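Q: Submitted below is the structure of interest, expressed as structure tokens.
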Amino acid sequence: MEKSVVQVGKQSLSFPMAPWILESASVVGKKEGEGPLGELFDMVGEEEMFGCDSWEDAEATLQKEAFTLAVGKSNIEKWQIRYIFAGDLLGQEMASSFGLADQQIPLFGVYGACSTAGESLGLAALTVASSAADYVCAITSSHFASAEKQFRFPLAYGNQRPPSSTWTVTGSGAFLVGKDKGIAKITGITTGKIVDYGVTDSMNMGACMAPAAADTIYQNFMDFECDEQEYDKIITGDLGDVGYEILLELMKDKGFDISEKLMDCGRMIFDKESQGTNAGGSGCGCSASVLSAYILKQIKEKKWKKILFVPTGALLSPVSHNEGLSVPGIAHGVVIEG
């Protein structure tokens, strides 16, 4: 009998009976809707509060709306969803807890900072492939104002942002995963390790996360005995301009030139010149919303056959930052095929 999950190399799994991304939905804020991908998102908020009284409640609303839209676009009922894998950037995963509480579906709270889209998708795929569930949902979110409030400065402070900084995306992406044929298959995952190069600048997320992205991409190549030619695109989560260039150099040091294959969601979601987002976008909602609105569309239209999706995360907290600790990174790889 063919195995449904196979251990590959040191850090990867392959799914011979691959689970499918059945449907997805993206919800973003006004600024994201004004960017290059604006017309592709399922819902664009008219204002950043989404009719709520707090930034945190606004982010919870992002998840609620993304989940509702994804289920509504699918052919399955909400009661058929066995588990939700959800996470965000807020303390105790506040957006996920309050945004999804009314759904009354068993929930695994996951945290990978801005790599959470990859972590939740990987766990969702593993759960379906192993027959632990027929249908699951992976969902994550971020909000510019709630992230600034927690990790940096209140918006009213009006602090200056250095050129290396990225703009936290106000957005959410929800993905229904099951065994029925859908938009795209998840054929494998490469779970990342924590990588710490000692960077302490919390305003330079790209430099913090690029080493982890390089580590995961390299391990994916080693585990699956392939190189960059295996993929139509290798798409990182939110490295922005700074991290993008660092990643290219790190991969060259490892013997791989991925310059013709590499894309970054943080560089795609904003027009940094006209929108003033410095090095690009970041946040859990960055890669999740771009995957739903843009990447899966390219696969569905058969423009790409196989991609490596690598959301990247900076594992800092207000406490670690205030204590002067370095910012470790992590990245999770998801192999997606048409």
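Q: Of all the residues that make up region 23-32, how many are surrounded by fewer than 24 Cβ atoms within 10 Å (Cβ to Cβ) and closer than 18 Å to residue 296 by Cα? If you could, list the steps in order and put the result at the bottom.
A: Step one: list which residues in region 23-32 are surrounded by fewer than 24 Cβ atoms within 10 Å (Cβ to Cβ), which gives 23, 30-31.
If we keep only those that are closer than 18 Å to residue 296 by Cα as well, we get 23.
Result for region 23-32: 1.
Q: Of the residues 172, 165, only one is at pLDDT 95 or above, outside the structural domain of residue 277 (by TED's automatic domain parsing) and under 19 Å from residue 277 (Cα atoms); which? Walk me through how you get there before you give the answer.
A: Details: 165 fails: at pLDDT 95 or above.
Checking each option against the conditions leaves just 172.
Q: Out of all the residues in region 6-49, which are modelled with pLDDT of 95 or more, aliphatic (A, V, I, L, M) and outside any strand (DSSP E or B)?
A: Once the filter is applied, which keeps residues that are modelled with pLDDT of 95 or more, aliphatic (A, V, I, L, M) and outside any strand (DSSP E or B), region 6-49 yields 18, 37, 40.
Q: What about residue 71, is it without any contact (Cβ under 8 Å) to a residue 40 or more places away in the chain and in contact with a strand residue (DSSP E or B) (Cβ under 8 Å, 6 or more places away or on another chain)? Spell out how you get there, then give the answer.
A: Values: without any contact (Cβ under 8 Å) to a residue 40 or more places away in the chain: no; in contact with a strand residue (DSSP E or B) (Cβ under 8 Å, 6 or more places away or on another chain): yes.
No; evaluated as a whole, the condition is false for this residue.
Q: For region 101-119, which positions are of a type outside the set (D, E, K, R), more than 19 Å from residue 291 (Cβ to Cβ) and not in a strand (DSSP E or B)? Walk me through it before giving the result.
A: Within region 101-119, the first condition is being of a type outside the set (D, E, K, R), and the residues that meet it are 101, 103-118.
Retained after the next criterion (residues that are more than 19 Å from residue 291 (Cβ to Cβ)): 101, 103-109.
The answer is 101, 103, 104, 105, 106.
Q: Just to be sure before I move on: is residue 302 in contact (Cβ under 8 Å) with a residue 40 or more places away in the chain, touching a Gly at 6+ places or on another chain (Cβ under 8 Å) and among the charged types (D, E, K, R) in the structure I sent? Working first, answer last.
A: Numbers: in contact (Cβ under 8 Å) with a residue 40 or more places away in the chain: no; touching a Gly at 6+ places or on another chain (Cβ under 8 Å): yes; among the charged types (D, E, K, R): yes.
No; evaluated as a whole, the condition is false for this residue.
Q: Of all residues in region 249-273, which are farther than 24 Å from residue 303 by Cα and either in contact with a strand residue (DSSP E or B) (Cβ under 8 Å, 6 or more places away or on another chain) or basic (Lys, Arg) (or both)?
A: 252, 254, 272
Q: Let me ask something additional. Please specify each residue of region 223-255 satisfying the condition of being surrounded by fewer than 17 Cβ atoms within 10 Å (Cβ to Cβ), on the phi < 0 side of the Ramachandran plot and more than 21 Å from the chain's Cα centre (by Cα).
A: 226, 227, 229, 230, 249, 252, 253, 254
Q: Sort through 121, 126, 90 and tell me the only one that's over 17 Å from residue 146 (Cβ atoms) and surrounded by 22 or more Cβ atoms within 10 Å (Cβ to Cβ).
A: Details: 126 fails: surrounded by 22 or more Cβ atoms within 10 Å (Cβ to Cβ); 90 fails: over 17 Å from residue 146 (Cβ atoms).
Criteria check complete, one pass: 121.
The values are calculated or read from the model by the stated rules, or taken from the named source; none is laboratory data. It should be emphasised that the depicted structure is a prediction, and the values quoted were computed from it without experimental measurement. Every residue, glycine among them, receives a Cβ derived from its backbone with ideal geometry; neighbour counts consider all protein chains shown.
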